[in-house]
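A short write-up of the structure that comes next.
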Amino acid sequence: MVERETWATRVGFLVAAIGSAVGLGNLWQFPFKTAANGGAAFVVFYLIAVTLIGFPALLAEFVVGRRTHRNVVDSFAELGGPAWRVVGAMGMVTGFWILSYYDVVGGWVLRYILGSATGAYFDDPGAYLSAVASGPEAIAAQAVFLAIAVGIVAMGIEDGIEKATKVMVPSIVVLMLALGAWALTLGGAADGLAYFLSPDVGSLVENAGTVIPDAVGQAFFTLSLGMGIMVTYASYVGEDDSLPVDGGVIVVSNTLIGVLAGVVVFPILFAEGIGPADSGPTALFEAMAAAFATLPAGRLLGVVFFGVVALAALSSAISLLEVAVSYATDNTDASRSTLALGAGAILFVLGLPSALDTGDPGGFSAWFVWFDAIAYNLLLPLSVLLVVVFVGWVLGRDAVAELRAGSTASGGLAMVWLWTVRLVVLLGIVATLALGFESLFLAEDATFFAPF
């Protein structure tokens with residue numbers, strides 16, 4: 001087997017982990033999930049979910065990865081026995097499932113960079129989205145996006161992922177800050193911020209049953225939980241690193257960038273009179289494109305905005321791909337480049353339904369929505385649930401010892417974390433999974449049966 005790599009620096013690990021979290025989940029999913037769930041009401045539930053469920057669950061994944069320094073599947077087998085391999089396998093499958101349609105969206109983003117530079121979508125943003133969202137052009141763009149991700153992963157942890165994300169993540173932050181500062185100068189920006197950041201208590205209570213699954217799923221998605229990523233990335237971490245500190249940096253950075261994405265998107269939409277609640281998943285594409293088509297320097301702004309989104313999408317895609325490549329590298333003698341290429345080929349084929357199906361004109365394909373709904377409502381919460389059960393009730397005090405290694409956390413605080421994982425996080429995920437299951441299979445407009 002090929003010798004296992006490590007991060008060159010602690011900063012490299014943090015930047016890579018933040019880059020994984022700060023992907024389309026923040027710049028695409030967060031604004032449209034917020035719009036679809038009542039604006040600021042969703043933001044409140046999301047922040048609660050990140051604090052009470054996401055952060056403790058993130059530390060649980062860190063503990064498993066660093067304790068073994070193995071890939072996501074073999075980590076659970078080493079700590080709990082062969083039967084627990086299913087937990088790691090579930091995470092790897094979930095990540096592969098998500099990346100299979102995520103890479104299609106990545107292809108669309110690349111097309112929108114070109115469309116911004118040429119002004120191709122200015123006359124009819126809806127028609128442009130229909131043209132690039134499916135068919136041969138979508139497949140070609142998907143292939144280009146995957147090729148870039150495969151090339152970075154093939155170069156390894158230090159020379160590929162670490163070096164790439166050290167460029168990507170600071171670029172994302174700087175460009176988003178500049179876009180946010182500019183968006184706040186637009187007329188209507190105050191209304192956009194009020195919609196995004198001023199919660200309606202009545203709406204919070206009335207819509208809790210439908211908003212909670214999306215909020216918790218968004219917390220998992222944006223923190224890269226339940227996909228094997230954080231287990232894999234932590235497996236390259238040294239024993240002297242403080243997992244609570246690193247986890248806190250990642251959670252805070254990810255949350256701030258998610259909020260910053262809303263500060264950019266909603267003022268622009270309101271300034272142009274575009275209803276965010278009606279734009280849904282197309283907010284990033286059709287709605288933002290419509291805004292850039294009418295704004296001064298719209299071509300430049302479009303290139304910068306979609307360029308930021310492309311960097312974020314790639315930083316997440318390489319982390320999702322690394323989960324499978326890490327497993328294969330640990331268990332075969334094949335080269336990393338060969339394994340990355342093979343995984344990319346499989347993902348390309350799995351993404352074809354989302355790229356081929358036309359669905360509603362100007363919207364997202366029926367199969368794309370189906371893949372996304374299953375990921376949010378079933379695979380992600382189920383995968384995190386298995387990790388939480390394992391860390392809380394199987395690993396137990398060994399998890400506490402691992403969490404304290406390299407940190408100044410007291411035994412009391414570490415035990416509070418363990419019982420939070422055992423009870424608060426566990427119950428929160430079970431409730432979320434139950435609500436998601438109802439939405440997928442039992443609701444009047446059950447999502448699971450929509451494409452059939």
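The values are calculated or read from the model by the stated rules, or taken from the named source; none is laboratory data. What you see is a predicted model, and the numbers here were worked out from it, not measured in a lab. When we count neighbours, we look across all protein chains shown, and the Cβ atoms used for this are built from the backbone with ideal geometry, even at glycine.
What about E78, is it at pLDDT 90 or above, buried (at least 24 other Cβ atoms within 10 Å of the Cβ), in a helix (DSSP H, G or I) and of a type in the set (D, E)? Even if it seems obvious, please write down each step before you answer.
Numbers: at pLDDT 90 or above: yes; buried (at least 24 other Cβ atoms within 10 Å of the Cβ): no; in a helix (DSSP H, G or I): yes; of a type in the set (D, E): yes.
Considered against the rule, which asks whether it is at pLDDT 90 or above, buried (at least 24 other Cβ atoms within 10 Å of the Cβ), in a helix (DSSP H, G or I) and of a type in the set (D, E), E78 comes out as no.
Which ranges mark the helices (runs of 4 or more DSSP H) fully within the stretch 223-288 that have 1 or more residues being surrounded by fewer than 19 Cβ atoms within 10 Å (Cβ to Cβ) and either in contact with a Phe, Trp or Tyr (Cβ under 7 Å, 6 or more places away or on another chain) or at pLDDT 80 or above (or both)?
In the stretch 223-288, the matching helices (runs of 4 or more DSSP H) lie at 243-271.
State the number of residues belonging to the stretch 120-159 that are closer than 21 Å to S100 by Cα, of a type in the set (A, V, I, L, M, F, W, C) and without any contact (Cβ under 8 Å) to a residue 12 or more places away in the chain.
1
Which members of the stretch 179-189 meet the condition of being in contact (Cβ under 8 Å) with a residue 24 or more places away in the chain and of a type in the set (A, V, I, L, M)?
Listed by number, the residues that qualify are L179, A183, L184, L186, A189.
Only one of these conditions is not met by A401: (1) within 17 Å of P381 (Cβ to Cβ); (2) surrounded by 14 or more Cβ atoms within 10 Å (Cβ to Cβ). Which number is it?
Among (1) within 17 Å of P381 (Cβ to Cβ); (2) surrounded by 14 or more Cβ atoms within 10 Å (Cβ to Cβ), the lone unmet condition for A401 is (1).
Give A317, A334 a once-over and let me know the one that is more than 16 Å from L179 (Cα to Cα), surrounded by fewer than 21 Cβ atoms within 10 Å (Cβ to Cβ) and hydrophobic (A, V, I, L, M, F, W, C).
None of the others qualify; the one that does is A334.
Please give the number of the condition V174 fails out of (1) touching a residue at least 12 places away in the same chain (Cβ under 8 Å); (2) farther than 30 Å from V72 by Cβ.
(1)
Looking at the stretch 53-75 only, could you name the residues that are in a helix (DSSP H, G or I), in contact with a Ser or Thr (Cβ under 6 Å, 6 or more places away or on another chain) and not small (G, A, S)? Even if it seems obvious, please write down each step before you answer.
Pass one, the stretch 53-75, residues in a helix (DSSP H, G or I): 53-68, 72-75.
Remaining after also requiring in contact with a Ser or Thr (Cβ under 6 Å, 6 or more places away or on another chain): 56, 64-65, 68, 72, 75.
Selection gives P56, V64, T68, V72.
Within the stretch 84-92, does at least one residue satisfy the condition of being out of contact with any strand residue (DSSP E or B) (no Cβ under 7 Å at 6 or more places or on another chain), modelled with pLDDT of 95 or more and of a type in the set (F, W, Y)?
yes
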